[in-house]
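This report refers to the structure that appears directly beneath it.
The values are calculated or read from the model by the stated rules, or taken from the named source; none is laboratory data. All values derive from a computational prediction rather than experimental measurement. With ideal geometry, Cβ positions are generated from the backbone for all residues, glycine too; neighbour counts draw on all protein chains shown. Calculation scope for accessible area: heavy atoms of the full protein, side chains included, ligands and nucleic acids excluded. Shrake-Rupley method; radii C 1.70, N 1.55, O 1.52, S 1.80 Å.
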Amino acid sequence: MDDELGTPKINSYDIPKLRAAVATSKDSEAPPGRGERGGGPTGSGELAKGHAIENDREFFDEVTDEGNGEGVGVGGVDDSYVSGWQDPITLPPSTHSLLFTEPVNSRPFALAAAILAMSFACLALALSYELSSYEMPVNVKSGVRGAQYLAILVALLMEEEIPTGLHLLRMIPRQSLIREFPHMKYRKFTLSSVARILNGYLFLINVMAVVTFATVVLDIFYDMLALQFVQQLDDIAFILCKKDVFGKEMKRACTAKCFRTEFDRQRRGKSRKINIFLKAIYFVNLFAMLSWMVTLSIRQRVGYYQPQSIKVDFGDTIWESAW
């Protein structure tokens with residue numbers, strides 16, 4: 001694929017072919033007496049091997065632009081494509097992706113919006129129930145305390161909407177999305193990613209409510225599994241659409257070319273500060289959740305949630321019978 005200036009882009013899997021092409025071209029242009037790489041009638045094997053190494057070095061200099069110090073290869077592609085293989089950037093197989101790949105007045109978009117609203121509603125109802133039905137435990141057993149801290153780590157490993165949304169915003173630039181699919185709106189792409197992130201944070205808030213009011217170990221992990229199932233409704237619905245459960249139009253939308261397309265990565269050095277911020281959010285979430293649990297543990301140990309007063313009502317009938 002060529003970029004906007006018509007310069008060919010270099011991927012890691014193109015390197016062997018390009019190296020062979022460069023070596024063949026330079027061997028064919030070699031002056032008499034140099035011989036072939038494996039040694040010829042007029043040249044020794046050692047000399048030919050030296051020319052082959054020189055050709056490879058010149059090739060990598062041309063591809064990676066080592067001399068300019070910019071770390072960007074041919075066509076402005078990040079040199080991570082040349083230095084090593086990396087996972088391709090593709091759209092996640094989720095109904096959340098249909099929010100920007102499909103028109104607003106289409107059935108796939110309506111289904112995606114319904115799944116998103118359902119997920120938010122379930123998480124919001126669960127949080128409301130947790131906050132209104134439980135009281136802060138005065139203290140808990142050591143086993144429950146350990147399960148609370150483990151549940152935080154497990155929740156961050158299970159939660160995938162926040163890293164997925166941040167990954168899409170960080171790795172797929174506007175130019176790459178519009179170049180591949182001009183009909184898509186980058187604004188809708190951004191809103192879809194933000195919706196993912198908000199859904200993820202609502203999940204984490206629910207997890208914190210569960211571990212805060214928990215007094216039984218199994219209740220913690222059962223509630224987390226239920227919350228995780230609610231958060232995966234978009235993935236489940238996408239799989240069902242691909243299996244033609246909801247009709248041909250839904251299957252067409254979920255098997256579209258955009259889900260098989262590999263997008264260009266963001267250039268290295270571009271928006272460096274925001275990239276560092278997005279990568280640090282995961283550890284910020286971990287620090288915030290652990291900080292709350294440490295504060296809760298200390299308060300429970302010192303009796304912060306112990307009742308400060310006791311009110312006793314004997315009733316009038318008791319005093320009458322006492323005379």
Original post:
Taking Val104, is it open to solvent by less than 60 Å² (accessible area, probe 1.4 Å), β-branched (Val, Ile, Thr) and modelled with pLDDT of 85 or more?
Top reply: no
Original post:
Only one of (1) on the phi > 0 side of the Ramachandran plot; (2) modelled with pLDDT of 90 or more fails for Phe221. Which number is that?
Top reply: (1)
Original post:
Can Ser271 be described as in contact with a Lys or Arg (Cβ under 9 Å, 6 or more places away or on another chain), modelled with pLDDT of 85 or more and either open to solvent by less than 80 Å² (accessible area, probe 1.4 Å) or under 27 Å from Pro88 (Cα atoms) (or both)?
Top reply: no
**OP:** Consider Leu150 carefully, then state whether it is in contact (Cβ under 8 Å) with a residue 40 or more places away in the chain and not hydroxyl-bearing (Ser, Thr, Tyr).
**Re:** no
Original post:
Which condition breaks for Met118 when tested against (1) open to solvent by less than 10 Å² (accessible area, probe 1.4 Å); (2) in contact with a helix residue (DSSP H, G or I) (Cβ under 8 Å, 6 or more places away or on another chain); (3) assigned to a helix (DSSP H, G or I)?
Top reply: (1)
Original post:
Among the residues of the range 149-208, which ones are open to solvent by 30 Å² or more (accessible area, probe 1.4 Å) and in contact with a Lys or Arg (Cβ under 7 Å, 6 or more places away or on another chain)?
Top reply: Thr164, Tyr186
Subject >> Among (1) open to solvent by less than 70 Å² (accessible area, probe 1.4 Å); (2) touching a residue at least 24 places away in the same chain (Cβ under 8 Å); (3) not aliphatic (A, V, I, L, M), the one test that Ser133 misses >> reply: (2)
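Quick one: which helices (runs of 4 or more DSSP H) sit completely within the range 160-258 and have at least 2 residues that are basic (Lys, Arg) and without any contact (Cβ under 8 Å) to a residue 40 or more places away in the chain?
Values: elements: 161-171, 174-180, 186-213, 217-231, 233-242, 248-254.
Helices (runs of 4 or more DSSP H) meeting the threshold: 248-254.
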Original post:
Of all residues in the range 136-147, which are assigned to a helix (DSSP H, G or I) and either among the polar types (S, T, N, Q) or crowded, with 17+ Cβ neighbours inside 10 Å (or both)?
Top reply: Ser142, Val144, Arg145, Ala147
